[in-house]
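Beneath this line is the structure, given in structure tokens, with notes to follow.
The values are calculated or read from the model by the stated rules, or taken from the named source; none is laboratory data. Treat the numbers as computed from the prediction; the structure is a model and nothing was measured. Quick reminder, even Gly has a Cβ in these numbers, built from the backbone with ideal geometry, and neighbours come from all protein chains shown. Areas reflect the complete protein model, heavy atoms only, side chains present, ligands, DNA and RNA absent. Shrake-Rupley method; radii C 1.70, N 1.55, O 1.52, S 1.80 Å.
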Amino acid sequence: MITFYHAPWSRASNILWLLEELGTPYKIEKVDIRAPGGVPEAYRSIQPNKKVPAIIHDGVLVTERAAICTYLCDVFPEAGLAPAMGDKLRAPYLTWLVYADSVFDPVLAAKAHGHEFMGGGYSYGSFSEMVDNLEKTLASRPYIAGDRFTAADTQIGGGINFGIRVLKTLPDKPVFLDYVERLAARPAFQRASQKDHALAQEAGMVAG
């Protein structure tokens, strides 16, 4: 059993989607990242910055989405979400998993908060560079790592969907919308979205 530390409509939502794709049992431990007093200090023993997501599997704690994806897909290879060593998609798969955490998220968050900056002074580059990279990549292939769906799509695709539809920060370029439409047709995406919406209702984030 996987214990999954989660808050609805957060970066952890993409790990919820991944868990649905894996089809392995898990239980959700809700973390109220929006509580007036902040996340309880006790949670820092799970995640040092009191962020989500985090997982515990067989007593092993894993934090950071790229690490969680890599770990889970390698532990459950039968799901076919991670290209194997020697597969031509292994390198782009790993690249895009890390890109989601190290470039996409910080750049999108900065843009959403109105923080304008020149890319040269920051390790993750500029917003326009990130958008151009995504557009160029997705114009050349149906999925972020290549010709088939991988766990990297749960992170990049989920982020693009959130950036367009919720944050309304990413431009709704046709190539992005086509990509999200392909992903949204997946049953695991639909199950995860329904679960996340229900959790958001429980948390009072959306009307019932």
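Just a few scattered comments:
- Among the residues making up the stretch 35-57, those that are of a type in the set (D, E, K, R) and either in contact with a Cys (Cβ under 9 Å, 6 or more places away or on another chain) or within 17 Å of residue 15 (Cβ to Cβ) (or both) are 50, 51.
- Complete set of residues in the stretch 171-195 that are open to solvent by less than 10 Å² (accessible area, probe 1.4 Å) and touching a residue at least 60 places away in the same chain (Cβ under 8 Å): 188, 192
- Checking each residue in the stretch 5-14 for being in a helix (DSSP H, G or I) and either over 14 Å from residue 70 (Cα atoms) or free of Cβ contacts under 8 Å to residues at least 60 places away in the same chain (or both) picks out only 13.
- The number of residues in the stretch 106-149 that are among the charged types (D, E, K, R) and under 15 Å from residue 183 (Cα atoms) comes to 3.
- Hey, residue 163 touching a helix residue (DSSP H, G or I) at 6+ places or on another chain (Cβ under 6 Å), at pLDDT 95 or above and not β-branched (Val, Ile, Thr) or not: yes
- Candidates 94, 89 - the one that is modelled with pLDDT of 95 or more and touching a Gly at 6+ places or on another chain (Cβ under 9 Å): 89
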